[in-house]
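Note sheet for the following structure.
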Amino acid sequence: LSLPALFGYPQVLLGISTRLHFPRRLTELLSSADIVMVEKPWLFPAVETHCEGVPIVYSSHDVVTELYSDFSKQLLGGWVSQRVRGLERAAVTSADLVVCTSDRDRDLINDAYSPVCPVVVAPNAVEKSAVRDAPATKETTMLARDQIGIHRDNIVCLFVGGDHGPNI
């Protein structure tokens, strides 16, 4: 958590501070990654500088310019709003793929930034029938992989979102 976030401000300085002191271990991990996924635009510029030749997915759980649209009336609000828009534009127009959580967000992203990469929708939802009362076993895990076509040796990544209202 950063000081601006304590006051409800977007973390528009996070990328600048991270670029000044980019963790060595993160640089090593990025250089060996097959693909990198960045959530929110704050760190996108810092991560992008360390991903030469590695595809980057921008995961947009929200259209952040809309999420922080009320900041123009706050202290430094004009600068914050411009910075948010600039970071989101940079992420959307530099990514190799953009993932949104709704058709509405996809349309807003396309209309605002005209990205050249694909913009896909991966909705926030879980089918209630897919939730089980007992922990998964190796057998049920393999059965689920077979049903949705994930090879048994492939690595699966699970992202759990934050507590922002529309994501719950």
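With 0.36 nm allotted per residue and the present C-alpha distance subtracted, the ALA122-THR141 stretch has 4.7 nm of extension available. Whole-Hz Karplus values for the stretch 133-146 come out as 7, 10, x, 5, 9, 4, 5, 5, 5, 5, 4, 5, 4, 4 Hz, taken residue by residue from phi with 6.51 cos²θ - 1.76 cosθ + 1.60 and θ = phi - 60°; glycine and proline positions read x.
Computed from the coordinates by the stated procedures, all read-outs in this text should not be read as laboratory data. Because the structure is predicted, anything quoted here is derived from the model rather than measured.
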